[in-house]
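The values are calculated or read from the model by the stated rules, or taken from the named source; none is laboratory data. Just so we're clear, the structure is a prediction, and the values are computed from it rather than from any experiment. Note that we place each Cβ from the backbone using ideal geometry, even for glycine, and neighbour counts take in every protein chain shown.
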């Protein structure tokens, strides 16, 4: 049997309100609260395959990074200052085969539909497989976690206090998810970083989040976000 090439077919797709990367946390258990729906394909008897899954509170989704079309041998982690790490030592989406796994909360099973809790999949993501999460076999909290352990120890507590100007507070009044992302990212480390999309700008810095651009100053251990804009202008 020749395994030099493989053919995969999605069993369904994930649908949610998250259409841009900045709307999602780096991992499913991040601070961004967004639920989703997995719709499985018609005519494949997947209703039967889902039988007995409702008794599990968490599941693994195996899925495809459908927005990525190339890979990189190293990646720059979005947090910390560890420098580049090997792709196979990371959760980077830029992989030779853009496969991903996510552990998500299972809220409900209804025929061919799964309702899930917070996740890190974009709207329209192809789902390849579903497996139940079993703590006895899937959880090893005492194991070594290499560079990630060093990084999380260094970032155990937020290093900076983030404040927003009155104008930015008004602009973000109905954009809770965007404001939370800005706060969480800048509180840990507001310095220039490609993955976090932070660059020097004038006498301060600029952070990009999808179509949004936030402008801020670093003053000691305080970060002041004093302007925010979309393609239509500055707020």
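A few points about this structure:
- Residue identified as within 30 Å of residue 219 (Cα to Cα) and at pLDDT 90 or above among 108, 82, 169, 144: 169
- If the condition is being within 20 Å of residue 66 (Cβ to Cβ) and more than 14 Å from the chain's Cα centre (by Cα), then region 114-130 contributes 114, 116, 124, 126, 127, 128, 129, 130.
- Selection count where residues are within 20 Å of the chain's Cα centre (by Cα) and either buried (at least 17 other Cβ atoms within 10 Å of the Cβ) or part of a helix (DSSP H, G or I) (or both), scope region 179-210: 18
- Of everything in region 108-124 that is in contact with a strand residue (DSSP E or B) (Cβ under 7 Å, 6 or more places away or on another chain) and loosely packed, with under 14 Cβ neighbours inside 10 Å, the residue that is nearest to residue 17 (Cα to Cα) is 124.
- Summed over region 125-141, residues that are assigned to a loop (DSSP other than H, G, I, E, B) and either modelled with pLDDT under 95 or surrounded by 12 or more Cβ atoms within 10 Å (Cβ to Cβ) (or both) total 4.
- Residue 127 being in the same structural domain as residue 78 (by TED's automatic domain parsing), over 25 Å from residue 83 (Cβ atoms), in contact (Cβ under 8 Å) with a residue 12 or more places away in the chain and in contact with a strand residue (DSSP E or B) (Cβ under 9 Å, 6 or more places away or on another chain): yes
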